Amino acid sequence: MLSEMGDDAKLLAGGQSLIPLMKLRLANPNHLIDLNFVPDAAYIKEDGGSLRFGALTRHAAIEKSSVAAGIPMIHDCAVGIADVQIRNRGTIGGSLAEADPSGDWAAVLLTQKTEVNCLSPRGERTVPLADFISDAYTTVLERDELVREVVVKSPEKGSGGAYLAFKRSAPVYPTASAAVHLAMQGDFCKDAAIVLGCVGLVPVKAIGAEMELRGKKIDDNVVNAAMEAVRAAVDPQSDMRGSAEYKRTLAAGLVKRAIALAIRRAHGERVEVSHIYA
Amino acid sequence: MPETFDKVQIQLKVNGKSYSASVEPRLLLVELLREDFNLTGTHVGCDTTYCGACTVLMNGAIVKSCTMFAVQADGAEILTVEGLERDGVLHPIQKSFGESYGLQCGYCTPGLMLSTYQLVAENQEPQDADIRKAIAGNTCRCTGYQNIFKAIRLAAQNMRGA
């Protein structure tokens, strides 16, 4: 259908971003193709060391899924997206395909080994999430292609992660968010992945901050160096959510908290984490 | 953009009653409820997916009816504030909002009561943190949240007893 209707057609998943955008006439498609009646497109499965999410899986289903909570950071994310009503409609596939710079899922899943299975009339292809989002609101999806499934490899034992998003109120996008995943051996950090949301045109992978942690014993000095690296890596815009300088400081602070949570989880502790409100 | 749209025939249940309607695909669910079915208890507040005044229950889950097309509710079961009352008797959620003075201007109240409905269906003993999460998508611009919390606590308590 997408290939027949051409550029004027849009896919409608949960609709919690697209419908508001259409009301503002920021999106003005001639055709909408509603995916919500596609059977078997919403599921959460554990399969050979990976979690598989059907593209139409609602945030609320992920929030309530004990399978999805196998990667606690995924639960952190799902439980705090917007509000109950939006989580009941919004989908993980829609969120990734929209590629909003303030979206939650991309930041979280970029710290994991995540692949996006895409489907078009030419067949299926698998794109690593790191290659999937090419710019703000832009993905590598062809115009007749859709997201079929999101596959997240389960992280190794002895690792842990946390996702913290700071919001002014529930229904709005965060001001800044931080996803941190650490592989630990005692106090020693074997590997680190740090991704920031809302502070660039795409989620920002803080490579410098990861390097500050990797191969080191985590103490205050190391964390402070990582925070400095975060401040250097992000490129926030001043807007009604806050000044660029405020967001830089906020992102670094969120990373500090997320590191502490990730370490506790890596050491096997169960910690409840959710989005933070102003 | 075409000026007119072919209408689509849909069937749905609202408050236990079967309805059929012939709607343009662009019609929002809240407009169907209010304009076509004259169920004006569901309000339009912000029309930007923020305020939750348009909250209704669809197949057991609350949604913002300003952020769904009516055609997407084809085959669905909807509960609006008008469906809470049974045979002239107010629902315990409605009673508790009245008794606790959990409203001031009342504009957000229908949405809040539907959010309470899903909360209490899933959690019979909600703590304040649970209530906060459950109504995070409902804005009361009179800011009367203290009494709204009281009302929800009372509703949960009365429904446990019922």
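Each value in this text was obtained by applying a stated rule to the coordinates, not by laboratory testing. Since the structure is predicted, the reported quantities are computational estimates derived from the model, not experimental observations. Because the Cβ atoms are built from the backbone with ideal geometry, glycine has one as well, and the counts that use them run over all protein chains shown.
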- Message: Please give me, ordered by residue number, the GluC sites (Glu not before Pro) of the range B:53-90 that lie in loop per DSSP and have at most 14 other Cβ atoms within 10 Å.
- Response: B:Glu85
- Message: Given contacts defined as C-alpha pairs under 8 Å and at least six residues apart, what's the relative contact order of chain B, whole-number percent?
- Response: 23 percent
- Where a ≥ b ≥ c are the square roots of the eigenvalues of the C-alpha gyration tensor, would you call the range A:36-143 rounded, which needs a/c under 1.5, or, failing that, prolate if a/b is larger than b/c, or oblate? rounded
- Note on the structure: For chain B, longest principal axis from Cα atoms; helix B:145-161 axis from its Cα atoms; angle between them, nearest 10 degrees, is 80 degrees
- Query: Tell me, what is the percent relative contact order of chain A, built from C-alpha pairs under 8 Å that lie six or more residues apart?
  - Reply: 17 percent
- Let a ≥ b ≥ c be the square roots of the eigenvalues of the Cα gyration tensor of chain B; is it rounded (a/c under 1.5), or, if not, prolate (a/b larger than b/c) or oblate? prolate
- Separation in nanometres of the label points that stand 7 Å from Cα toward Cβ, at A:Ala225 and B:Asn147: 5.9 nm
- Please list, in chain and number order, the residues 5+ apart from A:Ile33 or on another chain whose amide H is under 5 Å from its amide H, with Hs placed from the backbone. A:Lys10, A:Leu11, A:Leu12
- Over the range A:159-277, consider all pairs of different Cα atoms and compute the Kirkwood hydrodynamic radius from their mean reciprocal separation; express it in Å, one decimal. 14.1 Å
- Query: Normalised by the residues of the range A:42-153, what does the relative contact order come to in percent, with Cα pairs under 8 Å and at least six apart?
  - Reply: 28 percent
- Query: Hey, can you list the DSSP H helices of chain A whose Cα span along the axis is 30 Å or longer and whose average Kyte-Doolittle score is at least -1.0?
  - Reply: A:244-266
- Task: Step through the table entries A:Lys10/A:Lys167; A:Lys113/A:Lys247; B:Lys95/B:Lys150; A:Lys153/A:Lys247; A:Lys64/B:Lys150, compare each Cα-Cα distance with 20 Å, and write down the pairs that go over it.
- Result: A:Lys10/A:Lys167; A:Lys113/A:Lys247; A:Lys153/A:Lys247; A:Lys64/B:Lys150
- Item | Distance between the range B:37-110 and the range A:21-60 - C-alpha centres, whole angstrom | 25 Å
- Message: Could you give the length gained by full extension between A:Ser66 and A:Arg122, i.e. 0.36 nm per residue of separation minus their alpha carbon distance, to one decimal place?
- Response: 16.6 nm
- Query: Taking Cα atoms, how many degrees apart are the long axis of helix B:109-122 and the longest axis of chain B, rounded to 10 and kept between 0 and 90?
  - Reply: 70 degrees
- Averaged over all viewing directions, the convex hull of the alpha carbons in chain A casts a projected area in nm² of 14.0 nm²
- With +1 at each Lys and Arg Cβ and -1 at each Asp and Glu Cβ, the charge dipole magnitude of the range A:120-278 around its Cα centre, to the nearest 20 debye, comes out at 360 debye
